[in-house]
Amino acid sequence: MNATHGVDSSCPLRPRAIGLWLLALTVLAAVLRIIGINRGLWWDEIDFLLVSVRHPLAEIVTIFPGDIQHTLYAILARLSILTFGEHAWSLRLPALIFGIASIPMLYLLGASVTTRIEALVASALLAVSYHHVWFSQNARGYTALAFWAMLSTYFLLRGIRMQRRAPFLWYAVAASLGVYTHLTMAFLVASHVLVCTGMALADWKKDRQSWKFPLQGFLATGGLCLVFYAPIVLQVQNWFLKRPSGMRGVSTPLWAFFETLRGLIVGLGTQGVLVAAALVVCCGAWSYLKQSRLVFALFVLPGVVTALGAVLARGTMYPRFYFFLIGFAVLILVRGVFVIPQWITARSAQFDPRLRPWLTAVLAGMLLAGSAFSLMRNYRYPKQDYEGAIQFVDAERKDGEIVVTAGAAAVPLLQYYAKPWENVETAEQMQEICGQGREVWIVYTFPRYLADWRPPLMEIIRNRFTVIRVFPGTLGDGAVFVGRFQPG
């Protein structure tokens with residue numbers, strides 16, 4: 001590449017033009033993320049609202065309700081709701097803001113490791129990314145984590161290159177705020193410690209002071225994290241050490257792998273595009289490895305550490321655990337888009353080198369178009385359509401007919417929407433209700449989890465109830481089912 005720390009003399013765009021393009025991409029990202037932001041909440045958002053955000057700020061910072069908690073996000077969401085009232089959009093407002101801010105942040109990080117034009121294309125891809133738009137409309141801290149991950153990595157790189165204390169102190173601020181958003185950020189910090197430790201050991205004979213500033217940065221990070229978590233540190237310890245996850249049997253690493261593939265196919269359009277994108281990513285990763293082992297390690301090692309940490313800590317894994325690494329993934333993908341035409345034209349006499357920019361533009365255009373096209377699904381459906389199911393049942397059921405719910409659907413339907421329906425928890429309870437000689441309606445979701453939680457109950461639902469309507473959503477396995485039992 002013709003870039004050194006982001007300086008690219010061959011870039012066809014002047015800095016002012018780059019700034020205008022970046023501003024336009026940020027505005028585009030804001031528009032794409034505002035569209036549909038007020039649609040119905042899904043299970044995680046509703047549970048998070050009920051157990052955390054609706055509580056006073058004093059309780060949010062002193063009570064740890066479980067790994068559903070994203071403390072910094074809960075604080076920001078609480079302030080948003082106090083300011084604008086409780087709406088879906090106000091609950092999601094912090095995610096929206098961090099999602100929009102991630103566009104220029106990715107350019108800033110990208111320009112420090114590659115050419116300005118590559119960094120700009122990466123920002124464009126993130127702006128139209130299906131997954132980034134989805135999480136920017138999700139009332140959780142994942143877009144904040146992605147932002148803090150990029151910002152902390154940027155400061156870490158600056159500190160390593162400049163060998164000055166200030167960038168490492170700013171790193172400590174960004175990294176600790178990320179950890180305060182959610183504990184998975186600790187895996188990123190751990191990977192940074194490993195990278196800097198390896199560098200210090202390799203340079204020990206040349207410069208025995210190279211470890212000093214990074215060590216100060218990591219100590220400051222740990223100190224700030226202790227300050228943030230001081231009111232709840234014992235609760236967090238008790239939760240993770242003494243409360244084994246009830247999802248070990250269903251949220252397995254193998255399931256997470258296939259669910260990740262499904263999500264990537266949704267975001268990219270087709271399986272063929274996914275395979276092509278995987279090849280491009282491999283080429284991009286190889287290029288970064290040849291360019292800088294440091295940058296390669298900072299982009300790749302956090303994913304490995306996160307996978308190991310998730311399995312060892314709780315034994316469960318979800319694709320969203322890795323969303324905070326999306327900035328690194330996009331930079332690697334875009335690098336592949338740029339180096340493949342370079343390799344083709346350099347190794348084949350049949351291709352005119354002057355065609356390289358056009359081939360690059362075609363590949364980048366196809367990638368951007370495929371990602372943008374997949375956004376239609378995000379706007380077509382809500383994440384989970386509880387409201388559609390409620391309206392359907394209320395319109396179709398007759399007087400005297402019973403409506404029940406089971407499993408995870410009870411939280412949103414009974415506690416958030418306050419429907420006067422009955423929650424069924426056992427097969428015996430369901431048998432008794434069906435034995436009353438009346439028609440029974442049931443609304444449920446996440447059938448895989450329900451089957452794992454209460455197998456006999458799910459067996460009755462499958463055998464005795466007819467699914468009348470399915471309300472799809474963009475959440476994997478999150479469709480809402482409406483079934484009916486008819487006596488006799």
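Taking only the alpha carbons of the chain, what extent do you get along each of the three principal axes, in Å, biggest first?
The principal-axis extents, from largest down, are 81, 57, 41 Å.
Could you work out how far helix 386-396 tilts from the main Cα principal axis of the chain, as a 0 to 90 degree angle to the nearest 10?
Taking the Cα atoms of the chain, the angle to 386-396 is about 20 degrees.
Rank-order 299-309, 460-470 by packing density, defined as the average count of other C-beta atoms within 10 Å over each peptide's residues, highest first. Write down the numbers at each step before the final one.
Working: 299-309: 18.5, 460-470: 15.0.
Descending packing order for the listed peptides: 299-309, 460-470.
For a quick protection proxy, order the peptides 406-415, 448-457, 392-401 by their average other-Cβ count within 10 Å, most packed first.
Peptide ranking by packing, descending: 406-415, 448-457, 392-401.
First measure r as the distance between the Cβ atoms of Trp343 and Ile433, then evaluate 1/(1 + (r/R0)^6) with R0 = 51 Å and state the FRET efficiency to the nearest 0.05. Please list the in-between numbers first.
Values: r = 65 Å, r/R0 = 1.28.
So, using R0 = 51 Å, E works out to roughly 0.20.
In what order, largest first, do Phe228, Phe48, Phe321 sit by accessible area if the probe radius is 1.4 Å? Each step should come with its number before you reach the end.
Details: Phe228 60, Phe48 0, Phe321 35 Å².
Highest to lowest solvent-accessible surface, that is Phe228, Phe321, Phe48.
Using only the heavy atoms of the protein chains and a 1.4 Å probe, how would Met366, Met185, Met162 rank by accessible area, largest first?
Values: Met366 125, Met185 0, Met162 70 Å².
Largest accessible area first, the residues go Met366, Met162, Met185.
What is the helix-to-structure angle for 71-84, meaning the angle in degrees between its Cα long axis and the longest Cα principal axis of the chain, kept from 0 to 90 and rounded to the nearest 10?
Roughly 70 degrees, rounded to the nearest 10.
Computed FRET efficiency, Cβ-Cβ of Arg469 and Val304, R0 45 Å: what is it to the nearest 0.05? Could you put the intermediate results ahead of the total?
Numbers: r = 43 Å, r/R0 = 0.96.
Plugging the Cβ-Cβ distance into 1/(1 + (r/R0)^6) gives 0.55.
Modelling each spin label as a point 7 Å along the Cα-to-Cβ direction, I'd like the Thr426/Trp286 distance in nm, to one decimal.
The two pseudo-label positions are separated by 6.1 nm.
Over all distinct alpha-carbon pairs, what is the Kirkwood Rh of the stretch 378-488 in angstrom? Display every interim value, and only then the final one.
Values: mean 1/r = 0.0713 Å⁻¹.
In the stretch 378-488 this quantity evaluates to 14.0 Å.
Would you mind putting 325-335, 71-81 in packing order, based on average other-beta-carbon counts within 10 Å, highest first? Show your work: numbers first, answer last.
Values: 325-335: 23.9, 71-81: 22.1.
Result, highest mean first: 325-335, 71-81.
Computed from the mean reciprocal separation of all distinct C-alpha pairs, what Kirkwood hydrodynamic radius does the stretch 55-194 have, in Å? Intermediate values should be presented prior to the final figure.
Details: mean 1/r = 0.0626 Å⁻¹.
Over the stretch 55-194, the inverse of the mean reciprocal pair distance is 16.0 Å.
Mind checking the angle between helix 88-111 and the chain's longest principal axis? C-alpha axes, 0 to 90 degrees, to the nearest 10.
20 degrees
How much length is gained if the chain between Arg448 and Leu355 is pulled fully straight, taking 0.36 nm per residue apart and subtracting their Cα-Cα distance, in nm to one decimal? Intermediate results must be reported in sequence, preceding the final value.
Numbers: separation 93, 0.36 × 93 = 33.48 nm, distance 5.07 nm.
Working it through step by step, the gained length comes to 28.4 nm.
Which FRET efficiency, nearest 0.05, do Gln235 and Ala369 yield, Cβ-Cβ r, R0 51 Å?
Working: r = 48 Å, r/R0 = 0.93.
For R0 = 51 Å, the calculated efficiency reads 0.60.
Using every alpha carbon pair in the stretch 41-131, what percent of pairs falls into each 5 Å bin from 0 up to the bin containing the largest distance?
3, 13, 20, 16, 13, 11, 11, 9, 4, 0
The values are calculated or read from the model by the stated rules, or taken from the named source; none is laboratory data. These numbers come from a predicted model, not from an experiment. Because the Cβ atoms are built from the backbone with ideal geometry, glycine has one as well, and the counts that use them run over all protein chains shown. To get the accessible areas, we keep the full protein, side chains included, count just its heavy atoms, and leave off ligands, DNA and RNA. Shrake-Rupley method; radii C 1.70, N 1.55, O 1.52, S 1.80 Å.
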